[in-house]
Amino acid sequence: MSIGEQDEKPDQNPNRKPDGDEQSQAAQAAQTARSSSEIQADLQDTREHLAETVDALTHKLDVPARSREKAHALGRDHGRELAVGGAVVVALVVVVVLRRRGRR
């Protein structure tokens, strides 16, 4: 048996690890073994994931809408504190104006 003949025979060693070409062939065989319904389901999942990603990016880039949401949440969560703070500011402005008028 010559060296060339030996290279052409498949290796019968069960402990031998497949090389890169054999691994890619195995992956291709597994890919072709999938049914069209499985592939369509994977495509649908990918589309849904992509749509969620695009929506998240769109929301993140819409700064005015995010600012409005934050202001609304702040008003909802701390409305009483904001009202009291506003009343204090108005009272201080009134006191300052009355003092300045009294000095004239």
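What number of residues within segment 81-104 are under 19 Å from Ala71 (Cα atoms) and of a type in the set (D, E, K, R)?
Residues in segment 81-104 being under 19 Å from Ala71 (Cα atoms) and of a type in the set (D, E, K, R): 1 in total.
Which number in (1) open to solvent by 70 Å² or more (accessible area, probe 1.4 Å); (2) at pLDDT 90 or above marks the one condition that Ala87 misses?
Answer for Ala87: the failing condition is (1).
The values are calculated or read from the model by the stated rules, or taken from the named source; none is laboratory data. Predicted model only: the values in this text are computed from it and were never measured. Keep in mind that these areas ignore ligands, DNA and RNA; they rest on the heavy atoms of the full protein, side chains included. Shrake-Rupley method; radii C 1.70, N 1.55, O 1.52, S 1.80 Å.
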